[in-house]
1. For residue 79, enumerate residues with amide H under 5 Å from its amide H, sequence gap 5+ or separate chain, H modeled in the peptide plane.
2. Using the Cα centre as the reference, give the magnitude of the dipole from point charges on the C-beta atoms of segment 147-287 (Lys, Arg: +1; Asp, Glu: -1; all else neutral), rounded to the nearest 20 debye.
3. Can you give the FRET efficiency for residue 227 and residue 367, using 1/(1 + (r/R0)^6), R0 = 45 Å, r = Cβ-Cβ distance, to the nearest 0.05?
4. Keeping all protein chains in position, work out how much accessible area residue 18 exposes to a 1.4 Å probe, and write it in Å² to the nearest 10.
5. Roughly speaking, what is the centre-to-centre gap between segment 174-220 and segment 1-57 when only Cα atoms are used, to the nearest Å?
6. Per residue, what volume in Å³ does the convex hull of the Cα atoms of segment 36-187 enclose?
7. Debye calculation, C-alpha points only, no solvent: report log10 I(q)/I(0) for segment 187-298 at q = 0.11, 0.17, 0.20, 0.24 Å⁻¹, in the same order as the q values.
8. Can you work out the Karplus-derived ³J(HN,Hα) for every residue in segment 31-43? Use 6.51 cos²θ - 1.76 cosθ + 1.60 with θ = phi - 60°, whole Hz, and x for glycine or proline.
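The values are calculated or read from the model by the stated rules, or taken from the named source; none is laboratory data. No experiment lies behind these values; they were computed from the predicted model shown. Backbone-built Cβ (ideal geometry, glycine too); neighbour counts: all protein chains shown. Side chains are part of the model used for accessible areas, which takes the heavy atoms of the whole protein and leaves out ligands, DNA and RNA. Shrake-Rupley method; radii C 1.70, N 1.55, O 1.52, S 1.80 Å.
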Amino acid sequence: MTNDRIYLSSPHMSDEGYEQQYVQEAFDTNWIAPLGSNVNGFEQELADKVGIKSAAALSSGTAAIHLALRAAGIGQGDIVFCPTLTFSATANPIIYQGATPVFIDSDFKTWNMCPDALEEAFKKYPEVKAVIVVHLYGLSADLDRIVDLCTQYNVTLIEDAAESLGTYYKGKQTGTFGDYGIFSFNGNKIITTSGGGMLVSNNEKMVEKVRFWATQSRDQARHYQHSELGFNYRMSNVVAGIGRGQLKVLDERVQKKKKIYETYKRELSDVVGIGFMPENDFDDPNYWLSCITLNENVQPTDIMDALDEENIESRPIWKPMHMQPYFDQYDFVGEGVAEKLFETGICLPSDTKMTDDQISRIINNIKSMWWLDVK
């Protein structure tokens, strides 16, 4: 058995070479630009795959959140609710628009935005203009209550489904419940374009507007004319070709991620002090990352350091936004669930290229640690 590096979640191209076929087409036709048949095809194929009317291929998931907020009319001084347990890319676009984030706690049931905390936030800030909900690690949030609250208060709901392509809530793809949804194709996601994102919506007119903004808001004129602020956010035809190929193997990737999680759970369930990501009847996750929690007697850093010594990558659960130096000035509504998950959680390697031997190597390293007892 070799000691090759085991990654958390790295790019995985198809064995069939689907990606190269589309990329070669872009080269053969000289469409090495932020437009072309691959861009159009990727938008349509992704929209069809998730069951929504329209999609705009963009340079990143962050760009997609930014333009979703812009489409929602979010501007200077507006309040936007955002989960505290997420990556900063969820929160940063709120600041881009000059708006004010209010961070909402998680619940242990889903690890995502707590509906009770969200309801409390609505009562505290009835003037709120939008809610961003995240489906963390491929686990679906409790969408029924969240959608109902947004409807009740008449605010725009944006789904950050960057980590949950292939995850279903009650049989429907996450990212398609809100007014706008976004997906990410960063190198570590379940499928990748190396970098890129997608905004989706049933509001076809607004998606067309997003495409316009993302192409520097260039007006229809012979000369270069701009009547609105624009952004250089359009996805390239080459990158979109990779995405079209990757989309063909999405279902395979979900099955492999699920197998990895089930193997960890089966082999580590008898280790005292280890808990696992929540499972709910309404949720059919893509298991983007397999995460565990530890009891108070075991420090996540101990496991991460030990794995690192064996050339195995692992990471903490996201550090909550309200604990971050840049964002700690903004309000937080909740009871510290997100902090608890951060303090006790670890993301284990979930790379779809891992072999059974490599997964066993990770499991054996965890089990061999002297301070872990086995039931």
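1. For residue 79, whose amide H was placed from the backbone, the distant partners under 5 Å are 100, 129.
2. The dipole magnitude comes to about 700 debye.
3. For R0 = 45 Å, the calculated efficiency reads 0.10.
4. About 60 Å², ignoring ligands and nucleic acids.
5. Centre-to-centre distance over Cα atoms comes out at 15 Å.
6. Taking only Cα atoms, segment 36-187 has a hull volume of 105 Å³ per residue.
7. -0.61, -0.96, -1.11, -1.29
8. So the J values, rounded to whole Hz, are 8, 9, 7, x, 6, x, 5, 5, 4, 4, x, 5, 4.
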